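Chemist: Handing you a structure now.
The values are calculated or read from the model by the stated rules, or taken from the named source; none is laboratory data. The shown structure was predicted, so the numbers you read here are calculated from the model rather than taken from an experiment. Positions of Cβ are generated from backbone atoms using ideal geometry, with glycine treated the same way; all protein chains shown enter the neighbour counts.
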Amino acid sequence: MSCDIYENYEAGQVSRATFEEHISVCPECNTKWSRDAQILKLAQSLSRPVNRPELWPQIERGLRNEIASDRKIFKWPVSISKYYRFIRGAAAVLIIAVSITVFLQKGEAIPEKGLISASVLKKVQDRETEYMQAIAELEKVAAHKMTAMDINLMLLYRDKLETIDAQISECREALQQNPVNAHIRRYLFAALRDKKETLEEIMHYKNQQKTDS
Amino acid sequence: MIRPLENEDEIVKNCQSGDVRAFEAIYRHLKDSLFGTAFRMLGSTEDAEDALQMTFIKLYHGIMNFKHGSRLSTYVFRILLHVCYDFNRNNKEQVRQPIQENDLYYQPENELQMQLEEAIQQLPEKMRECFVLFAIEGFQQDEIAQMLGVKTGTVKAHLFQAREKLRGLLAPQ
């Protein structure tokens, strides 16, 4: 019949002192105890498998898909006071405008509400890139023209552009967490269109002045 | 024992808001231990990766029920172990490949380690998880009991039985 003192010790029914005294006289328990200590030491020496650096991006994609498919209500990340600061700075920045028609030129509209599909998302992102490229070209010329403007007018335009840029930045930050949210995409397009139109206005103003003179 | 996450309450709150960066913070903090546990529960790095992905999806869905005051790591591990149970139940018919064939991401350093890895894979599920969490991942018995939702005495019993079985499997021929 095998000795069960070791098992009783592991179950907390025998004190350590009693057990240590026991294994000094019980070869069976002593052998088991020693062998277990060796196995435990060997187990502690085992390394872990390497997890690939690509694993987190994979998990992240899965999470974002779950978040998107849950259609969580978007929480606007900025405080209300900052939101109203954007509207105050530029009358033309009509964030709530529902008359977005950016996609009408290319055929596929951003849906009125909810989420956009992967194929539409690609087209949306391509259009955003086109806008950004146009804006970048206009900025180079507009910056130069603004320096020649009346100071008060220049400050007005600069304030307006800064407000629009802040709106673009906040939309982009929100889209990082929720890339398929149609509402945020519309706000972003409204801002991009406003910026492009403002820059064109700056260039036109300068040209008008030349014409008048 | 895994040290607690810094700003754990804030991370939980951000997870509940759907902030993916908060989930990433949890992942970075626990990934090695989670992956190691999943690997030994499932016997494959590929399956362990799938288990981790499922764990974070389930964490996202379950985080609203997380009780502040409990340890987040315990909660995450509990989810992982459930995912591993489900995976093993659904793949009972599949023949588990010996670990040495997963040589892309893991290779035991010597023959003894290889033998122990193979022996661990032969342990029944409950014994294997207790042994892996205690002997390899370094959790305390009461932590393991919380993860498994059992009493500490149950964990001790599983550990004792696991060691008994391993002694037999690793006995000199």
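Chemist: For region B:38-68, give me the residue count where each residue is of a type in the set (Gly, Ala, Ser), within 24 Å of B:ILE11 (Cα to Cα) and buried (at least 20 other Cβ atoms within 10 Å of the Cβ).
Modeler: Going through region B:38-68 one residue at a time, the tally reaches 2.
Chemist: Separate question: Counting only residues that are more than 14 Å from chain A (Cβ to nearest Cβ), give me the helices (runs of 4 or more DSSP H) lying completely in region B:1-84 with at least 1 of them.
Modeler: B:8-16
Chemist: Sticking with this one: Any chance region A:34-55 includes a residue that's more than 13 Å from chain B (Cβ to nearest Cβ), more than 17 Å from B:ALA162 (Cα to Cα) and surrounded by fewer than 11 Cβ atoms within 10 Å (Cβ to Cβ)?
Modeler: No.
Chemist: Within region B:91-100, can one find any residue that is facing another protein chain (nearest Cβ under 10 Å), in contact with a helix residue (DSSP H, G or I) (Cβ under 8 Å, 6 or more places away or on another chain) and at pLDDT 90 or above?
Modeler: The answer is no, given that none of the residues of region B:91-100 is facing another protein chain (nearest Cβ under 10 Å), in contact with a helix residue (DSSP H, G or I) (Cβ under 8 Å, 6 or more places away or on another chain) and at pLDDT 90 or above.
Chemist: Mind counting the residues in region B:123-173 that are within 11 Å of chain A (Cβ to nearest Cβ), of a type in the set (S, T, N, Q) and within 19 Å of A:GLN38 (Cα to Cα)?
Modeler: 1
Chemist: Where the second residue is aromatic (Phe, Trp, Tyr) and the first is at pLDDT below 90 and lies in region B:59-85, which pairs have Cβ atoms under 6 Å and are six or more apart or on separate chains?
Modeler: Pairs that qualify, where the first residue is at pLDDT below 90 and the partner is aromatic (Phe, Trp, Tyr), are B:PHE66/B:TYR75.
Chemist: Residues in region A:20-29: is at least one surrounded by fewer than 16 Cβ atoms within 10 Å (Cβ to Cβ), within 22 Å of the chain's Cα centre (by Cα), in a loop (DSSP other than H, G, I, E, B) and modelled with pLDDT of 80 or more?
Modeler: no
Chemist: What number of residues within region B:127-167 are farther than 16 Å from B:ARG40 by Cα and not in a helix (DSSP H, G or I)?
Modeler: Counting residues in region B:127-167 that are farther than 16 Å from B:ARG40 by Cα and not in a helix (DSSP H, G or I) gives 4.
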